[in-house]
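Take a look at the structure below.
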Amino acid sequence: NFGEDLIINARNGGIFYWDKSTNASDFLPAVAISNLSGADSTTPTIAKQVLVSDRDRHIIAFGCDPEGAGAGEQDPLLIRFADQGSLTDWASTATNTAGDLRLSKGSEIITAIQTSRQILVWTDQSLYSMQFIGPPLTFAINLINEGSGLIGPKASVHAEGGIFFASKTGFHRYSGSVQPVPCSVQEYIFSDLDFSQAYKCFMGSNSEFNEIWFYYPSMADNTGEVSRYAIYNYVEQTWSIGSL
């Protein structure tokens, strides 16, 4: 959300803007932000993900094309942010808050989620914290943990006691630091998980029963789609498994 408007991005695709005041009444489609009035060659044209930071209202593009690069030349570890409150001012200058950061641990950004205090950014190998610090740097990035990358863009969930997520080797919980989640069925799950379809892994919560659910594609089922699940009760610290 960008106020009442929308910023839209399909993973590894374009970045689009939908203006409620005109698009809803006239039934107009969203338009690429690079085609908006005021946009120039520094406006990103591709990204893995976009979000708008809650407190400071910066549009942030993850895994996008660098400033000065050709359109669509995607850098999978680059983070760029526009000037505060702006859709089109992406050129970093001494008089605005636009800028960029590049992560060093991993080969690509998997996802980013916003919490009350920070933005958490996962690569395939690590977890970072991104925080607004104001001019001249705007944002600071800090490595939280190396070796606990995310298995897929939707393989994390905010639940009581922290943020739970799945790496390629096991389950973890972040609540200021990363801790492994003991799992009695870990070998069963990860020896069966179809890693060629790992991006389809998904986590959700069932807060009424103090549970997180992990859905994954199974090699044994050989469908290429999500077909099995595991449930963790974080109060009782128990696991169960099942098939869809």
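The values are calculated or read from the model by the stated rules, or taken from the named source; none is laboratory data. Computed from a predicted structure; not experimentally measured. In this analysis, Cβ positions are derived from the backbone assuming ideal geometry, glycine residues included, and neighbour counts consider all displayed protein chains. Just the protein is used for accessible areas: all its heavy atoms, side chains included, with ligands, DNA and RNA removed. Shrake-Rupley method; radii C 1.70, N 1.55, O 1.52, S 1.80 Å.
Residue check: Ala47 meets all listed conditions (1) closer than 18 Å to Gln84 by Cβ; (2) of a type in the set (A, V, I, L, M); (3) open to solvent by less than 30 Å² (accessible area, probe 1.4 Å); (4) touching a Phe, Trp or Tyr at 6+ places or on another chain (Cβ under 9 Å) but one, namely (1).
In the stretch 134-142 there is at least one residue matching the filter, namely being hydroxyl-bearing (Ser, Thr, Tyr) and open to solvent by less than 10 Å² (accessible area, probe 1.4 Å).
Here Gly170 clears all of (1) under 16 Å from Ile113 (Cα atoms); (2) out of contact with any Ser or Thr (no Cβ under 7 Å at 6 or more places or on another chain); (3) of a type in the set (Gly, Ala, Ser) except the condition numbered (1).
Put simply, of Thr123, Thr88 the only residue that is open to solvent by less than 50 Å² (accessible area, probe 1.4 Å), among the hydroxyl-bearing types (Ser, Thr, Tyr), in contact with a Lys or Arg (Cβ under 8 Å, 6 or more places away or on another chain) and at pLDDT 95 or above is Thr123. Of the residues Ala82, Ala94, Ala61, the single one that is in contact with a Pro (Cβ under 8 Å, 6 or more places away or on another chain) and buried (at least 18 other Cβ atoms within 10 Å of the Cβ) is Ala61. Number of residues in the stretch 73-113 that are over 25 Å from Glu4 (Cα atoms), touching a strand residue (DSSP E or B) at 6+ places or on another chain (Cβ under 9 Å) and part of a loop (DSSP other than H, G, I, E, B): the value is 11.
Going by what's in this entry, would Ser227 be described as among the polar types (S, T, N, Q) and touching a residue at least 12 places away in the same chain (Cβ under 8 Å)?
For Ser227, the condition - among the polar types (S, T, N, Q) and touching a residue at least 12 places away in the same chain (Cβ under 8 Å) - is met.
Out of the stretch 3-21, which residues are polar (S, T, N, Q) and at pLDDT 95 or above? Break it down stepwise before answering.
Of the residues in the stretch 3-21, the ones polar (S, T, N, Q) are 9, 12, 21.
Of everything in the stretch 3-21, those that are polar (S, T, N, Q) and at pLDDT 95 or above turn out to be Asn9, Asn12.
Could you list, in sequence order, the residues of the stretch 138-171 that are in a strand (DSSP E or B) and without any contact (Cβ under 8 Å) to a residue 40 or more places away in the chain? Hits for the stretch 138-171 are Ala140, Asn142, Leu143, Ile144, Asn145, Gly162. The set of residues in the stretch 207-244 being within 19 Å of His158 (Cβ to Cβ), assigned to a strand (DSSP E or B) and open to solvent by 50 Å² or more (accessible area, probe 1.4 Å) consists of Trp213, Tyr215.
Contact map, the stretch 1-15: first residue farther than 17 Å from Pro153 by Cβ, second residue among the acidic types (Asp, Glu), Cβ cut-off under 7 Å, separation 6 or more or different chains; pairs are Asp5/Asp19.
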